[in-house]
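Below you'll find the structure, written out as structure tokens, and then a few comments.
Values in this text are rule-based calculations from the coordinates and carry no lab data. All figures in this text were calculated on a predicted structure; none of them were measured in a lab. Here Cβ is always computed from backbone atoms with ideal geometry, including for glycine, and neighbour counts include all displayed protein chains.
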Amino acid sequence: MKQTVLNAAHRQAGAKMVDFGGWEMPINYGSQIEEHHAVRTAVGMFDVSHMTVIDVAGKEATDFLYKLLANDITKLFTNQALYSTMLNHQGGVIDDLITYKISDTAYRVVVNAATREKDLAWFSQEIEGFDATMQEQADTAMIAVQGPQAMATIQPLLDLDLSDTKRFYAAHNEQLFVGRTGYTGEDGVEIILPAARAEDLWNQLLAGGVQPCGLGARDTLRLEAGMHLYGQDMDENITPLECGLAWTIRKDNLEFNGAMALEEKKASGVNKKLVGLVLNGRGILRHDQPVSDGQGHSGIITSGGYSPTTEQAIAMAVVDKDIELDAIEVQIRNKSLPCRAVKLPFVRNGKSLIED
Amino acid sequence: MSYVPDNLKYTASHEWLEDLGNGVYRVGITEFAQAQLGDIVFVELPEVDESYAQEDECGVVESVKTASDIYCPLVGTVTAVNDALEDTPELINDSPYDDGWIFELELGEDADIGSLLSAEDYRNSIADED
């Protein structure tokens, strides 16, 4: 199994380690729920060094990313970040990713760990013919610091002024790259730094009272925040139009991979959509549980679980477009249990947004 | 190492049994099992007066991570359940052998008590993962 540079630090902090797509990663350090609450109410940190960093540069770097990504890279100001899907020619989602604009000719892209090989292969294939280069930054580590106290906690530890860095922007110097981004629905940063410096920063954060958080809390936090998990909420077999990601697709032209397929999809009718669900009674919603409205419309839970902030079972589900939202029931172990459809996200900035 | 009390009996599927006398046993899941599951957030209890065969699924423990069936350790009839788990399922994490008990079972006549594991056998069965 592959290990991040923080592996020993995790063990020292009492982490329970698991195999996560070939990486040995912490699932929790004792209590996933306490870790979750730390991020919602104070500050927590995550080792996300398994994620892949790809730098794209050159005169036609913008043109390349304009074709590669379904969202509009040309809207970005310098240092701004963009969430986008990367589609194949059938309109299926190869991956979702964050791109930071460093200059008019340089970008930093962060993609998922589990999709690294296929993403790199797709980048290599698609960059052909552009005056641009791509370089994976393999000798880096990445630490996410998230929560209402994240900015105040991290600033004194970094030789980089973040006071002018707004949400979804980045600041950087030769050693550090700090994006004010995250996967929790809270304020915070994702710090990319040389692997050799990662353990120092981790230990300083630990000494400053920052709660180490595992992949378990990362999953419940992002689910509450209504954020998609690649491979679960979407993959190559579904278009963004059908899984709640239409907002990431630019509308003004068809000059991106998959655009024609999306047009055909729209013409023939998009017949699925993403909904948020809350279980009315007791129980836990889980990935792959079927839902239906008893009137011939159905769907499937793509991500579900216990929400520590709202103390309810919540889920995202891909359902038939015409499903009766007031009549959705989930099938759990031979029982049909009523749910209600709600707007995403479930939680933002520490507060439940679920209406009674 | 997980705590495995000497005075209890065990199953390979991580239930423990405490002999309450008169053919009634109290059942829960072991400290090792709750640690593997992580924070427990929901328990589906068996129904009182319901009869189960040995190894029947008779309930479910769900953690933040996963759902895990509870198997009836011996043939019998459920005589009591721990209602406190409905509102405070985390009792299983905090006190797996006491406040976190799950149900009580009156054994059927042909209950195969000999199939249960001793504390030592159970310790050996989890030694590789513990």
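The figures follow:
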{"read-out": "Residues whose placed amide H lies under 5 Å from that of A:HIS287, excluding near-sequence neighbours", "value": "A:GLY304"}
{"read-out": "Inter-chain shielding of A:23-36 (mean C-beta neighbours from other protein chains, 10 Å cut-off)", "value": "2"}
{"read-out": "Against the rule of thumb 2.2 N^0.38 Å, how large the Cα Rg of region A:3-120 comes out", "value": "1.28"}
{"read-out": "In order through region A:291-300: 3J(HN,Hα) via Karplus (6.51 cos²θ - 1.76 cosθ + 1.60), integer Hz, x for Gly, Pro", "value": "10, 7, 10, x, 10, x, 9, 9, x, 9"}
{"read-out": "Peptide B:108-119 - average C-beta neighbours from other chains (10 Å radius)", "value": "0"}
{"read-out": "Taking A:GLU34, B:GLU47 and counting other C-beta atoms within 10 Å, the order from fewest to most", "value": "B:GLU47, A:GLU34"}
{"read-out": "Rotationally averaged projected area of region A:312-356 (alpha carbon convex hull; nm²)", "value": "3.9 nm²"}
{"read-out": "For chain B, size of Cβ-based charge dipole, Lys and Arg +1, Asp and Glu -1, in debye", "value": "300 debye"}
{"read-out": "Largest-first principal axis extents, alpha carbons of region A:53-135, Å", "value": "28, 25, 22"}
{"read-out": "Cα-based reach from A:LYS321 at 19 Å (exclusive), listing lysines while leaving out same-chain residues under 8 positions away", "value": "A:LYS265, A:LYS266, A:LYS272, A:LYS273, A:LYS343"}
{"read-out": "Furthest towards positive pole of dipole, A:VAL56, B:ALA33, A:ALA327, structure part the protein assembly as shown, Cβ charges", "value": "A:VAL56"}
{"read-out": "Peptide B:35-43, shielding by other chains (average Cβ, 10 Å cutoff)", "value": "5"}
{"read-out": "Whole-number D in µm² s⁻¹ for region A:215-313, Kirkwood Cα-pair radius fed into Stokes-Einstein, 25 °C, 0.890 mPa s", "value": "160 µm²/s"}
{"read-out": "Residue order, fewest to most beta carbons within 10 Å, for A:SER336, B:SER68", "value": "A:SER336, B:SER68"}
{"read-out": "Sequence of A:ILE73, A:ILE192 once ranked by neighbouring C-beta atoms within 10 Å, starting from the fewest", "value": "A:ILE73, A:ILE192"}
{"read-out": "Helical mean residue ellipticity (222 nm; -39500 (n - 2.57) per DSSP H run of 4+; nearest 500) of chain A", "value": "-6000 deg cm²/dmol"}
{"read-out": "Computed over region B:9-122, the ratio Rg/Rh where both radii use C-alpha atoms and Rh is Kirkwood", "value": "0.93"}
{"read-out": "Within region A:295-332, GluC sites (Glu not before Pro) in DSSP loop having at most 11 other beta-carbon neighbours inside 10 Å", "value": "A:GLU311"}
{"read-out": "Spherically averaged projected area of the protein assembly as shown from its Cα convex hull (nm²)", "value": "24.9 nm²"}
{"read-out": "Derived scalar couplings ³J(HN,Hα) [region B:22-33; Karplus, 6.51 cos²θ - 1.76 cosθ + 1.60; whole Hz; x for Gly, Pro]", "value": "6, x, 10, 10, 9, 10, x, 10, 6, 4, 4, 5"}
{"read-out": "HN-Hα J in Hz across region A:272-288 - Karplus 6.51, -1.76, 1.60, θ = phi - 60°, x for Gly and Pro", "value": "10, 8, 9, 10, x, 10, 10, 6, 6, x, 8, x, 10, 7, 9, 3, 6"}
{"read-out": "nm² value of the averaged projected area, convex hull over the Cα atoms of region A:282-344", "value": "4.1 nm²"}
{"read-out": "Kirkwood hydrodynamic radius of region A:111-158, Cα pairs, Å", "value": "14.0 Å"}
{"read-out": "Residues of region B:67-87 with amide N under 16 Å of a point placed 7 Å along Cα→Cβ from B:ALA12", "value": "B:71-74"}
{"read-out": "Cα centroid separation, region A:161-179 to region B:69-128 (Å)", "value": "54 Å"}
{"read-out": "Residue-count net charge about A:ARG250 - beta-carbon cut-off 12 Å; Lys, Arg +1, Asp, Glu -1", "value": "0"}
{"read-out": "Inter-part distance where region A:307-347 and region A:14-73 are each reduced to a Cα centre, Å", "value": "27 Å"}
